[in-house]
Ligand code: ADP
């Protein structure tokens, strides 16, 4: 494209130069011929008519041109290269007509006399009607050959200029334009994010230095971007591995940033929180209120929201909002931390229930003790028939109170995991035998048969003896308590693929199906009055459950109302080396 433009420019320039030269040559030749014509006219002045032909020939030789003398009427009086008499009327020749009019006339045209192209210049004295017109002429081919020389010179000059230009542009391209192009492309690559780009150029001049600076800039950029990327990855790893949901919201409540936990806590499916107002994704009025309070927040604010929009399960979410802060870009953002507080809430409620239950449970025996004591003090103590049963009632309630307190302490020790953690290898056969022996009398007194089915081999478990004894006691006491006279209680010790089993089966009243899953809850009783009458605290099975869990096992219950119940503690078999130790 550029080469074509250069060639076109050079062609136009050479044509213009030729045109200008041609004009100049023509003007020069015309001027020269005019001078010669004037000289010839001066020399021919007042020549005798018979000698004019001879004089014209002489003058033509001196002037080096063809010379023609023409009268004003157009008759050729003499011509240096033709016979005047044979020549036609020249009054119509343009140069002659112009000379008569203006004193000098010129014309370029074909000569019918000489059959050649000629340049004619004619002169005369316009004011003298008798003065002849002196015309000189040179063949055009003389000028053409000179023009050809000029044309050749122009062509050579132009060709030289073209080649020189070509060479110059090659040098420019090789040493300046191409390297600039290479650096420009590399810079564009860099801008597009290709930080590996490197310019290879073995030059020691300023350009080499520029390329060196460019490469080190690329390296520096790569380092910085690498560092930023590492920081970003670290941040996003931290954010994505946070258990809490983290949101960055603007003053209008639109989410700017959300971590994985926030997305999974607040939305379902493949929706996203980012870029949308939070109220659009989380349709909870408390959250709307929290967002609208952001501009006035002075210190972090925490709210708990019960969320039933996420399915049938009750869920409690905790939101902590920080006051708005100004970013480096001058925007106002706030951080929201979200966590699933369902379990915390449940625990809180359980604790509150527990405190209420404990207070209630303690209050009942205490109230009766104080009532009996008051009655005795009011004078009943003097009445023999009343004193003894009242004191007995006080004793029963005190025992109950003490059992309650000891059960509560036991349970809290088991739940908190503090206290005596020592364990030893014990044969569960022996544990069960001791338990049966302890309760045989009570069972017999109630008319309930107490049977033990030991395993043939020792069933050694790693247990805390006190806790496990307490658990088994609770099961056996319950079984005896809830089995009517004539029934039986069977305690079995077994080793199975499922682990080591301690089973207590009775033929008692049984437990309704809907209550079966709740009997392990603290203070849960199927029949409150009956339990109290039997001296129960409502904590026995809760203790059994915690002992089993603490030993890495579990407790299950099966029951049929009117037929009986079976409670089973499963424990893991100890590891062989632990058994040896
Ligand atoms: P309690 O001190 O009342 O016995 P537990 O926690 O030991 O408290 O038992 C909770 C409830 O489970 C009891 O009140 C009773 O209703 C029921 N229960 C426990 N064991 C048996 C059993 N072997 N047969 C029938 N009901 C039972």
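Every number here is computed from the coordinates shown, using simple stated rules; none is lab data. Everything numeric in this text was worked out from a predicted model, so none of it was measured. Methodologically, a virtual Cβ is constructed for each residue, glycine included, from the backbone with ideal geometry; neighbour enumeration extends over all protein chains shown.
Given only helices, namely DSSP H runs of n ≥ 4 each adding -39500 (n - 2.57), what is the per-residue ellipticity at 222 nm of the chain, to the nearest 500 deg cm²/dmol?
It comes out at -17000 deg cm²/dmol, rounded to the nearest 500.
Between residue 449 and residue 306, what is the FRET efficiency for a Förster distance of 51 Å, r being their Cβ-Cβ separation, to the nearest 0.05?
0.45
Viscosity 1.002 mPa s, temperature 20 °C: give me the Stokes-Einstein translational D for the stretch 70-174 in µm²/s, with Rh taken as the Kirkwood radius over C-alpha pairs.
The estimated diffusion coefficient comes to 129 µm²/s.
When the convex hull of the C-alpha atoms of the stretch 242-340 is computed, what volume per residue in Å³ does it have? Don't jump to the answer; show the numbers that get you there.
Details: hull volume 9.3 nm³, N = 99.
Cα convex hull per residue, to the nearest whole number: 93 Å³.
At a 10 angstrom cut-off on C-beta neighbours, averaged per residue, how do the peptides 318-329, 522-533 rank from highest to lowest?
Ranking the peptides 318-329, 522-533 by packing returns 522-533, 318-329.
Using the Kirkwood radius over C-alpha pairs as Rh, can you work out the diffusion coefficient of the stretch 331-437 via Stokes-Einstein at 25 °C, viscosity 0.890 mPa s, in µm² per second? All intermediate terms of the calculation are to be shown ahead of the outcome.
Working: Rh = 18.9 Å.
D, rounded to a whole number, is 130 µm²/s.
Take the Cα radius of gyration of the stretch 462-501 and divide it by 2.2 N^0.38 Å, with N its residue count; two decimals is plenty.
1.41
Starting at 0 and stepping by 10 Å, how many percent of the alpha carbon pairs of the chain end up in each bin?
With a bin width of 10 Å, the distribution comes to 3, 10, 10, 9, 8, 8, 6, 5, 4, 4, 5, 5, 4, 3, 4, 5, 4, 2, 1, 0, 0.
Based on the mean of other Cβ atoms within 10 Å per residue, sort peptides 65-75, 216-226, 109-119 so the most packed one is first.
65-75, 109-119, 216-226
Taking the Cα-to-Cβ direction at residue 62 and at residue 257 and moving 7 Å from each Cα, how far apart do the two end points lie in nm?
10.9 nm
Sort 503-513, 228-238 by packing, meaning the average of other beta carbons within 10 Å per residue, with the highest value first.
Per-residue Cβ counts within 10 Å, averaged per peptide and sorted highest first, yield 503-513, 228-238.
Could you check how many percent of all C-alpha pairs in the stretch 417-580 are farther apart than 20 Å?
Beyond 20 Å sits 49 percent of the P(r) for the stretch 417-580.
Report Rg/Rh for the stretch 170-234, rounded to two decimals, where Rg is the Cα radius of gyration and Rh the Kirkwood radius. Intermediate results must be reported in sequence, preceding the final value.
Values: Rg = 14.2 Å, Rh = 12.9 Å.
With Rg and the Kirkwood Rh in hand, the quotient comes to 1.10.
Using the Kirkwood formula on the Cα atoms of the stretch 211-292, what hydrodynamic radius do you get, in angstrom to one decimal?
Numbers: mean 1/r = 0.0667 Å⁻¹.
Hydrodynamic radius (Kirkwood, Cα pairs) of the stretch 211-292 is 15.0 Å.
What number, in percent, do you get for the relative contact order of the chain if the mean sequence gap of Cα pairs under 8 Å and at least 6 apart is divided by its residue count?
Relative contact order here is 6 percent.
Looking at the P(r) of the stretch 373-514, how many percent of alpha-carbon pairs lie beyond 25 Å?
48 percent
Using only Cα positions of the stretch 346-409, each an equal point scatterer, no hydration layer, compute I(q)/I(0) via Debye at q = 0.13, 0.17 Å⁻¹ and quote the log10 values to two decimals.
Debye intensities relative to I(0), on a log10 scale: -0.45, -0.64.
Return, for the Cα atoms of the stretch 2-147, the radius of gyration and Dmax in Å, separated by a comma.
18.1, 70
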